[in-house]
Amino acid sequence: MPDPRIIAIDLDERSILRRNADIEQERRVAIFDLLEANHFDVAGHDGPHRIRLREEEGRLAIDLLGEDGPVRHTIRVGLARLRRPIRDYFAICESYFKAVRQDHPRGIEAIDMARRGQHNEAAELLQECLKGKVETDFDTARRLFTLICVLHIKQSTSAVDVARHPPASHVP
C-alpha cells in the first residue's frame, strides 16, 4: 500500500559550508519536524521515501533512495524562481538572529512575523515548482524550503561560522 511520505532525509554535505549554531538548529528542527509529519507524493513512485537533497548544475536535485542506498530516481527542479526568496529569507534570518543576540524584544516580534511571511510565500512557490512531480502539503513545503536554504549557504555571512573558518583573505 502506498505511503506518500518521507521517512529519511539527507542533505548533500559536500555543497554546504560549516554553519553556526543558529543555522544548525534550524536544520535539525526542520528535519525532525519533517520526519514527524509530512506528505510527499512523488508521481509514479510509491512511498515511503528516503531522500537526499542536493544542488546539481544550479538546480535542486531530490534523489529517491532505495532501502539499500542507491538512487532509484532523481527529481530535478529549476531554482531560478527560488533564488530571490532564498536571498530574502537569508537577509531576514540574519536580522532575526542579530536581534535575538542583542535582546531587542520589540524588534524580534516584527522581524519574526516578516520571516514567517517570507517563509510561507517561499513554501507556496516551492509547491508550484514541484507541481506535476511531487505533491506536498504546506508544512512539508515550508520545511523543505528551510533545508533548500541550508544547501545554499556558500559564502561568508553571519549564517556561516566565520570565526572558526575565516575567509582565505583573512590576515591576523
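Tabulated data
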quantity: Every residue from segment 84-113 that is of a type in the set (D, E, K, R) and farther than 19 Å from residue 148 by Cα; calculated: 98, 101, 103, 106, 109, 112
quantity: Residues (of a type in the set (D, E, K, R), in a helix (DSSP H, G or I) and under 22 Å from residue 29 (Cβ atoms)) located in segment 122-143; calculated: 124, 139, 142, 143
quantity: Tally, over segment 57-95, of residues that are on the phi < 0 side of the Ramachandran plot and assigned to a loop (DSSP other than H, G, I, E, B); calculated: 5
quantity: Hits in segment 99-121 (condition: within 28 Å of residue 138 (Cα to Cα) and basic (Lys, Arg)); calculated: 115, 116
quantity: Candidates 81, 76, filtered to the one that is farther than 22 Å from residue 118 by Cβ, modelled with pLDDT of 90 or more and not aliphatic (A, V, I, L, M); calculated: 76
quantity: Residue list for segment 82-116, restricted to those being basic (Lys, Arg) and either more than 15 Å from the chain's Cα centre (by Cα) or more than 28 Å from residue 133 (Cβ to Cβ) (or both); calculated: 98, 101, 106
quantity: Unmet criterion (only one of (1) closer than 25 Å to residue 37 by Cβ; (2) without any contact (Cβ under 8 Å) to a residue 40 or more places away in the chain; (3) in contact with a Ser or Thr (Cβ under 8 Å, 6 or more places away or on another chain)) for residue 96; calculated: (3)
quantity: Segment 23-47, residues that are surrounded by 13 or more Cβ atoms within 10 Å (Cβ to Cβ) and closer than 20 Å to residue 132 by Cα; calculated: 38, 39, 40, 41, 42, 45, 47
quantity: Test: residue 19 is within 16 Å of residue 146 (Cβ to Cβ), modelled with pLDDT under 90 and basic (Lys, Arg); calculated: yes
quantity: Residue 54 vs. criteria crowded, with 18+ Cβ neighbours inside 10 Å, in contact with a strand residue (DSSP E or B) (Cβ under 6 Å, 6 or more places away or on another chain) and either in a helix (DSSP H, G or I) or modelled with pLDDT of 90 or more (or both); calculated: yes
quantity: Counted residues, segment 57-71 - those being of a type outside the set (A, V, I, L, M, F, W, C), surrounded by 13 or more Cβ atoms within 10 Å (Cβ to Cβ) and either more than 20 Å from residue 128 (Cα to Cα) or in contact (Cβ under 8 Å) with a residue 40 or more places away in the chain (or both); calculated: 0
quantity: Test result for residue 142, closer than 23 Å to residue 62 by Cβ, touching a residue at least 40 places away in the same chain (Cβ under 8 Å) and basic (Lys, Arg); calculated: no
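The values are calculated or read from the model by the stated rules, or taken from the named source; none is laboratory data. Keep in mind that this is a model prediction, so the values were computed, not measured. Please note: Cβ atoms are built from the backbone with ideal geometry, for glycine as well, and neighbour counts cover all protein chains shown.
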